[in-house]
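Below: one structure, written as structure tokens.
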């Protein structure tokens, strides 16, 4: 049985027109970019004004669905159901420093998902979407903390956006001027990698005595500095 096609469809809105060599039509690349973060920018038009709002999200790769979280009072989420949106996720992996300023760049992974989200109203799917979102932020937290009650669910807006129309771009490697005329310049060139890591956990001052840091958070946390 042939493997399912993992190629993203190319539309007029997702066609790579600039820096096409950095573009990807692989759904595996899309899944990797969306799975590596938990904060996106949701672009939507509100009262005639375009807004790009930072929003927490979770990605269900098996269903190719983004879940976007918010409050029922959010101005950015209220018009989103039935209206087209654009969701972007970007990861910066390093600065690419060339011999000339013109050739400087960034190593990055990015995805742009276009579509019309739908409000999640089914209680079962809403809990599923919130679990996906929570587990993407902190794996293991859904089963550790108290889950939302009926009142909290009613106060939460959850949008589902199919990741069917998407554009992916990736850039890695050294500067592009190593074989050009500028290669002879006595200017350092290369990549300054950028990595992100969790720091040492800081307990809530109101935390009861004797409540330990759970193992699923301990494995994410950086060790405390040695003294």
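Can you put 143, 60, 12 in order, fewest other beta carbons within 10 Å first? Mind dumping the intermediate values first?
On the way: 143 12, 60 19, 12 5.
The fewest-first ordering by Cβ neighbours comes to 12, 143, 60.
Taking the Cβ of each residue in 116, 196 as the centre, tally the other Cβ atoms inside 10 Å and list the residues starting with the fewest. Walk me through the intermediate numbers first.
Numbers: 116 13, 196 8.
Taking fewest neighbouring Cβ atoms as first place, the list is 196, 116.
In what sequence do 172, 40, 86 fall when counting other Cβ within 10 Å, fewest first?
Details: 172 12, 40 24, 86 18.
Neighbour counts put them in this order, fewest first: 172, 86, 40.
Could you work out how far apart the two model spin labels at residue 156 and residue 83 are, taking each label as a point 7 Å from the Cα in the direction of the beta carbon, and quote it in nm?
Each label point lies 7 Å from its Cα, and together they span 2.4 nm.
Relative contact order, percent, of the chain when contacts are C-alpha pairs under 8 Å separated by at least 6 residues?
Numbers: 392 pairs, mean separation 54.1, N = 227.
For the chain, the relative contact order is 24 percent.
Report P(r) for the stretch 110-227: all Cα-Cα distances, bin width 10 Å, range 0 to the bin holding the largest distance, values in whole percent.
Values per bin, smallest distances first: 9, 22, 24, 22, 14, 7, 1.
In nanometres, what is the gap between the two model label sites at residue 207 and residue 102, each 7 Å from Cα along Cα-to-Cβ?
Inter-label distance under the simple model: 5.4 nm.
If you line up the long axis of helix 123-137 against the longest principal axis of the chain, both from Cα atoms, how many degrees apart are they, to the nearest 10?
Approximately 50 degrees, to the nearest 10.
For the stretch 119-180, compute Rh as the Kirkwood radius over C-alpha pairs and then the Stokes-Einstein diffusion coefficient at 25 °C and 0.890 mPa s; write the answer in µm²/s, rounded to an integer. Mind showing how you got there, number by number?
Details: Rh = 15.0 Å.
Here the translational diffusion coefficient equals 163 µm²/s.
Grab the eigenvalues of the alpha-carbon gyration tensor for the chain, scale each by 5, take roots, and send me the semi-axes largest first in whole angstrom.
Values: eigenvalues 241, 147, 57 Å².
Working from the Cα gyration tensor, I get semi-axes of 35, 27, 17 Å.
Every read-out reported here was derived from the displayed coordinates using simple, explicitly stated rules and does not represent laboratory data. Please read these numbers as outputs of a predicted model, since none were measured by experiment. Note that we place each Cβ from the backbone using ideal geometry, even for glycine, and neighbour counts take in every protein chain shown.
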